[in-house]
Amino acid sequence: MEFKNREKVGSGGPYEDVVGYSRVLCAGPLVFVAGTTAGSDGSPIPESCEDQTRQTIEIIITNLNKVRVTLDEVVRVRMFVVDIKRNWEDVSRVMNSYFANVKPVMTMVGVAGLIDDKLCIEIEMDAVRK
């Protein structure tokens, strides 16, 4: 399958140019959101995992809007959570507040750490444009 229309969006995050990736990549109707964390837009990282999750989703929404995609079009979510036994309920509450009606497939994986010790969650999403 060949996609002639590839659209890339950067969020200006500190690692995008260093590593060489886009925050959002569209290939035809398929939309992929790279691993996103709180603070990846330059804003301060909140202390609580609940607030980090909310801020991360809002950063993703902002970048999806740049390619005319909404959370209603999200089909898969992957969450990488530090100290998952302590944080899964807070993360789940926030995710449910955004996706209760959408119900994409989701995976939550416990990880030992993320690139910054203050971070507790990183989120990836895939969507299909309507």
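Under a 1.4 Å probe, what is the accessible area of the range 20-75 per residue, stated in Å²?
On the way: 2290 Å² over 56 residues.
Here the per-residue accessible area is 41 Å².
For the chain, modelled as a Gaussian network with Cα springs under 10 Å, which listed residue fluctuates most, GLU73, GLU47, GLU58?
Greatest mean-square fluctuation among the candidates belongs to GLU47.
For the chain, which whole-number percentage of the solvent-accessible area (1.4 Å probe, protein heavy atoms only) is attributable to carbon and sulfur atoms?
It is 50 percent, rounded to a whole number.
Run lengths n ≥ 4 of DSSP H only: what is the helix-derived mean residue ellipticity at 222 nm for the chain, with -39500 (n - 2.57) per run over all residues, to the nearest 500?
Working: 2 runs with 33 residues, N = 130.
Per the formula, -8500 deg cm²/dmol.
Restrict the search to the range 28-127; then list the trypsin sites (Lys or Arg not before Pro) that DSSP places in a loop and that have at most 15 other Cβ atoms within 10 Å of their Cβ.
The qualifying sites are LYS66, ARG68, LYS118.
Kirkwood hydrodynamic radius of the range 50-130 from all distinct Cα pairs, in Å?
Across the range 50-130, the inverse of the average 1/r is 13.0 Å.
Within the chain, what is the number of lysine pairs with alpha carbons under 25 Å apart, leaving out pairs fewer than eight places apart on the same chain?
9
The values are calculated or read from the model by the stated rules, or taken from the named source; none is laboratory data. Being a predicted model, the structure only gives us computed values, none of them experimental. With ideal geometry, Cβ positions are generated from the backbone for all residues, glycine too; neighbour counts draw on all protein chains shown. Remember, those area values only see protein heavy atoms, side chains included, never the ligands or the DNA or RNA. Shrake-Rupley method; radii C 1.70, N 1.55, O 1.52, S 1.80 Å.
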